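Q: This structure is in structure tokens; I'll ask about it shortly.
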Amino acid sequence: MRPSSLTTRLLISAGAWSVVVIVATGLILSSLYRDAVERAFDERLEVFVKGLIAEISFADDGSLHVNRALPEPRFSFPLSGWYWQIDPTASSTVGSISSPSLLDQMLDFSVMPALMPSDAIYQEVPAAFYIIGPGGEELRAIRRPIKFQSNEELLIFTVAGNANNIAEAERSFNSTLILALSILGLGLVFAAFLQVRYGLRPVRELRDALQEIRVGTERRITGKYPSEIAPLSNEVNALLDANEEVIERARTHVGNLAHALKTPLSVLSNEVQATKGTLKDKLEEQLLLMRRHIDHYLERARVAASANIIGVSTEVEPVIAGIVRTLEKIHGHRMIEVKVECRSDIRFIGEKQDLEEMVGNLLDNAFKWTNGKIKLSVVLDDAKISQGKQMVSIEIEDNGPGITEEQCAEVMKRGSRLDESKPGSGLGLSIVADIAAIYRGSFVLNRAELGGLSAKLVLPAHTREKCV
């Protein structure tokens with residue numbers, strides 16, 4: 001998945017939102033669970049406070065006594081982490097007493113806010129807080145002031161328990177919570193992946209359909225699409241129809257123009273035949289030149305129209321093989337060795353007739369001038385991109401006499417010929433250059449490694465496996 005793809009964006013956004021929600025949910029659940037554990041722990045401590053209040057008694061001398069030990073053995077174990085303590089107020093005449101587990105020590109309440117006395121028998125809501133015990137452990141404690149009506153004594157009852165019980169319960173819950181939320185998060189991401197893949201499948205199908213049109217295997221987008229995408233496929237099909245209609249209209253106009261011009265030229269040619277002298281030669285020369293220019297520009301108009309047709313492509317290897325076979329038969333008496341290197345999956349983005357025109361002109365020129373060897377190589381160049389299209393390089397080399405750089409520029413001119421002894425009109429190379437330019441390609445002449453001329457044609461293309 002590419003960073004710029006819709007799939008990546010949707011998965012990242014869904015994953016990020018899932019992480020935020022899961023983390024927030026985990027923090028809230030962990031906080032609620034800790035509050036619940038603290039409330040349960042406080043309720044247990046309050047039960048011990050009430051039991052302690054029920055067992056307290058005053059001796060004749062005014063001292064405090066606990067009639068019966070609380071039903072928790074840890075209040076009797078030295079420094080066990082479970083303690084109780086009864087403290088008098090400043091106005092009280094009795095002394096403090098504590099659980100056997102405190103030994104001769106007392107709980108430190110210096111960090112706790114002052115507890116206001118109450119005239120009630122006991123406060124409805126005791127004060128709950130954390131303190132540090134005599135062994136350095138953290139304790140959870142509650143304090144409740146109680147005023148005894150029998151002797152008007154105001155005493156403060158405190159019961160504390162080891163807070164490790166709360167921490168251990170919280171850690172155990174958090175471990176289970178993290179595991180559960182992690183599984184939930186992975187499940188959500190996987191569900192989002194499936195949802196995105198399923199939801200974007202019509203988009204991928206539309207992309208594949210457009211690629212098939214691009215390579216020429218299909219002419220229209222077919223299939224049923226969701227209501228959100230169906231208008232797009234319909235508009236693309238309508239655009240293709242309009243494009244073909246415009247091209248067909250242009251071809252019709254070009255054909256009409258060709259017929260309209262050729263008839264007057266034929267009449268002029270017939271009239272020239274009745275003429276004698278130098279005027280006849282001059283008129284025949286100009287009429288021939290007019291025919292060549294008309295044919296050239298009509299062909300150029302046809303190619304320009306063909307180059308704009310979407311979805312037209314041609315396999316390169318069969319076209320080259322057919323031209324080579326034809327020229328080998330024509331020049332069979334010369335025993336010319338032709339070496340062709342071409343991948344079978346390369347397709348030229350354009351009409352077959354135009355590829356035949358370009359390659360045919362170049363191969364015909366090579367067969368005319370070679371001394372027995374011709375090399376044709378077709379290479380797909382991923383590094384060369386033009387207008388978003390991959391480019392293919394078709395290079396034809398021969399071991400003929402070759403030409404200089406100045407002559408290369410000269411032969412590219414329309415109608416120019418370096419050797420009048422060879423058959424031809426002098427338009428072949430200029431036609432190749434014009435057609436290549438129309439397809440936004442290039443055509444250059446250089447010195448070949450075989451010693452003769454190298455004609456290199458660069459055109460838009462693609463492979464069956466990779467559509468550009």
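Q: Can you bin region 137-264 into rounded, prolate or oblate? Criterion: square roots of the alpha carbon gyration tensor eigenvalues sorted a ≥ b ≥ c, rounded for a/c under 1.5, prolate for a/b above b/c, oblate for the rest.
A: Prolate, since a/c reaches 1.5 and a/b exceeds b/c.
Q: Next question. List, in order, the whole-Hz ³J(HN,Hα) value for each residue of region 162-168 obtained from phi through the Karplus relation with A = 6.51, B = -1.76, C = 1.60 and θ = phi - 60°; use x for Gly and Pro.
A: Here the 3J(HN,Hα) series is 5, 6, 4, 4, 5, 5, 5 Hz.
Q: Net charge near L70: determine it from the other residues with C-beta under 11 Å of the C-beta of L70, scoring Lys and Arg +1 and Asp and Glu -1. It would help to have the intermediate numbers written out before the result.
A: Numbers: positive: K50, R68, R74; negative: E55, E72.
Net of charged neighbours comes to +1.
Q: Tell me, how many Å apart are the Cα centres for region 221-245 and for region 1-78?
A: Rounded to whole Å, the Cα centres lie 63 Å apart.
Q: Convex hull volume of the Cα atoms in region 9-77, per residue, in Å³? It would help to have the intermediate numbers written out before the result.
A: On the way: hull volume 7.4 nm³, N = 69.
It is 107 Å³ per residue.
Where a number appears in this text, it was derived from the coordinates with a stated rule and is not lab data. All values reported here derive from a predicted model rather than from experimental measurement. Using ideal geometry, Cβ is built from the backbone for each residue, glycine included, and neighbour counts are taken over all protein chains shown.
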